[in-house]
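Values in this text are rule-based calculations from the coordinates and carry no lab data. Owing to the predicted nature of the structure, the values given are computational and were not obtained by experimental measurement. Here Cβ is always computed from backbone atoms with ideal geometry, including for glycine, and neighbour counts include all displayed protein chains.
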Amino acid sequence: MHIHQFYDEGLAHASYAIIDSGKMALVDPARDPQPYIAFAKEHGADIVAVFETHPHADFASSHLEFHKMTGAVVYVHPDMGVSYPHVALKDKETVELGKLKIQALHTPGHSPDHHSYLLHDEYGKPHAIFTGDSLFIGDVGRPDLREDAGKFNLTRSELAGKMYETMQSVFKPLPDEVTVYPAHGAGSLCGKNMSDETVSTIGEQRQTNWAFSETDKTAFVEELLSGQPNVPKYFPFSVEENRRGVAAYRSSLEKVARVQREDDLQKDILIVDTRPADQYKAGHLSNSINIPDGGKFETWLGTLLAPGTAFYLVAGSQEGLKTVMEKAAKISYEQFIKGVYLLAEAPANGHIQSADLEKVKSNPGAYTILDVRSRKEHEEEPAFESSINVPLDQLPDKAGQVGNGKPIAVHCAGGYRSAIAASILERAQENEVLDIGDNIKKILG
């Protein structure tokens, strides 16, 4: 028996390979099938099964591609309502993998159609559980993503109550030595208090995870519902994409058009410029916004652009274009790319100035100071007494309403979000836009 975790830092997504007797099963695989194919080849194994814990909201899964490529059987919860070839496993049904058995356990809470998969070793002993988005390290999955997506829609309160029941009836009775393999780690928007650790045991979680220690259902529900992060625009779309089955990764990317000349860019289509913020500020194309390629590029792309929005992708190098195209594909957004364009030199037009922090501090009344951090961040540590708060995820819908003729000085916690926000504001209105950038750290520390 061999278990391997694949971890995508950008989406804080963990997926798994289980190998025994030359057969390999995958749990919640990411969009790009190649890492799993290479791993199977390295270990002389055939990919025969894919276990989906639920229809994922935050990434596109390659389960259908594996079925078409290798004949792997895709196992799902009966209520997922999927439209691709699959085998629906009822609660407590098992599947053999070599000498191992994988048992489906219904674990609703994050979604109503959620399975966790309990792996039994060759002696029949529970060895590990793949918990998807139900049990995380230090937390449990948020219950507010399925009110408007999927085959069954439950209120967040109903799902939070089901998560409490799942904790009591499924996870608490498991032996302490069972290893916990979740689908996400810290930084994912599928929970709020996840640990930096990506693997644990039931025993460790029994001691450290609040969801194990809270025994009052009402208090559990209240805690689970409070303080959840924003829901990106692409999450409901992703649920439906995964229920249908996503197009093959490489062939879908190959369909994206290459734009050779600036004049060929349609003026009415948004440009997403992925160059570093300083390069964007020095010069950029009209009708563009800046989402710099970084650790959370794909999340912000799917947060700020609604599914179905056509856009151009711009980067400063061919390698940069390849990277951001692949990141867009991780959330199935490559299908909305009108074309990709290499911008090797900064255009002469389109400039955003950096704010003089000392001037803003000494005369804050001369500016509209905009904090684009989350409401929680703004309330817990305000940088300026006179600032207004519009979280970045809400800014595209409110950008034209910000400002009263004064220059707008925008900040976040470290400069990444403010760079995006400054570009959105500049595109939306006539007021001068100034980015405080990473100088905000002199105030926030």
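Observations
- Backbone N under 11 Å from the MET1 label point (7 Å along Cα→Cβ), restricted to the stretch 14-31: 19-20
- Here the Gaussian network model covers the chain, with springs between Cα atoms less than 10 Å apart; of ASN290, ASN349, ASN389, ASN349 fluctuates the most.
- GLN401 versus GLN279: modelled label distance in nm, points set 7 Å from Cα along the beta carbon direction: 3.5 nm
- Label point at LYS172 placed 7 Å out along Cα→Cβ; residues across the stretch 200-216 whose backbone nitrogen lies under 19 Å: 201-216
- Residue-wise HN-Hα coupling along the stretch 312-329, computed from phi with Karplus coefficients 6.51, -1.76, 1.60 (Hz; x: Gly, Pro): 9, 9, 10, 9, x, 8, 5, 5, x, 4, 4, 5, 6, 4, 5, 5, 4, 5
- The 3J(HN,Hα) values that the Karplus relation (6.51, -1.76, 1.60; θ = phi - 60°) gives for the stretch 172-188 are, in residue order, 4, x, 5, x, 4, 7, 5, 6, 9, 10, x, 8, 8, x, 4, x, 6 Hz. Gly and Pro appear as x.
- Efficiency of FRET between ALA366 and GLU319 - r from beta-carbon atoms, R0 41 angstrom, step 0.05: 0.45
- Among 355-365, 193-203, the order from most to least packed when residues are scored by Cβ within 10 Å on average: 193-203, 355-365
- Ranked list, fewest to most other Cβ atoms within 10 Å of each Cβ, for TYR75, TYR7: TYR7, TYR75
- Where Cα atoms sit under 14 Å apart: lysine pairs in the stretch 2-238 separated by 8 or more or lying on different chains: 7
- Computed E for GLU96/TRP210 - FRET, C-beta separation, R0 35 angstrom, nearest 0.05: 0.45
- The lysine pair tally for the stretch 249-342, using Cα distances under 24 Å and a gap of 8 or more places or different chains, is 20.
- For the chain, a crude dipole built from +1 on the beta carbon of Lys and Arg and -1 on the beta carbon of Asp and Glu, taken about the Cα centre, is about 600 debye to the nearest 20.
- Pairwise FRET efficiency - LYS68 versus GLN260, Cβ, R0 = 51 Å, nearest 0.05: 0.95
- Fewest-first sequence of GLU319, GLU298 by Cβ atoms within 10 Å of each Cβ: GLU319, GLU298
- Correct choice for Cα Rg over 2.2 N^0.38 Å that was computed from the model, options [x] 1.00; [y] 1.14; [z] 1.04: [z]
- For the peptides 113-126, 410-423, the ranking by packing is 410-423, 113-126, with the highest mean count of neighbouring Cβ atoms within 10 Å listed first.
- Antiparallel content of DSSP bridges confined to the chain, in %, to 5: 45 percent
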